[in-house]
Amino acid sequence: MSDKGLNGLSHGIIGIAIGVHKRLGTGFQEKIYEEALLREFEKSGIGYEKQKVIRVNSVFVVHNFDPLALFADILRTLRMLEL
């Protein structure tokens, strides 16, 4: 995807997230916001993966934390995470 296309996609995702937050307000559990966001992604034709495990290699060690078992609630593309 070109930088221009990626910027447009990023702008669209952020706009959807802001719109969901404005409509729902505060006080709900995270899963409510997640489901609302996913419904808006589907309406907009934005593909996603839900509850995706991401393998990460890191030189940092955090007590009681496995850096090889991170979870993304919603993942659009790995390319977006690389930026």
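The values are calculated or read from the model by the stated rules, or taken from the named source; none is laboratory data. Bear in mind that the values here come from a model prediction, so they are computed numbers and not experimental data. Reconstructed Cβ throughout: ideal geometry from the backbone, glycine too, with neighbour counts over all protein chains shown.
Kindly list, by first and then second residue, each pair from a residue in the stretch 31-42 that is basic (Lys, Arg) to a residue that is part of a helix (DSSP H, G or I) and surrounded by fewer than 17 Cβ atoms within 10 Å (Cβ to Cβ), limited to pairs with Cβ atoms under 9 Å and residues at least 6 apart or on different chains. Going by the 9 Å Cβ cut-off, there are no qualifying pairs. Here Gly47 clears all of (1) surrounded by 13 or more Cβ atoms within 10 Å (Cβ to Cβ); (2) in a loop (DSSP other than H, G, I, E, B); (3) modelled with pLDDT of 80 or more except the condition numbered (1). Looking only at residues of the stretch 7-28 that are polar (S, T, N, Q) and in a helix (DSSP H, G or I), we find that the one that is surrounded by the fewest Cβ atoms within 10 Å (Cβ to Cβ) is Asn7.
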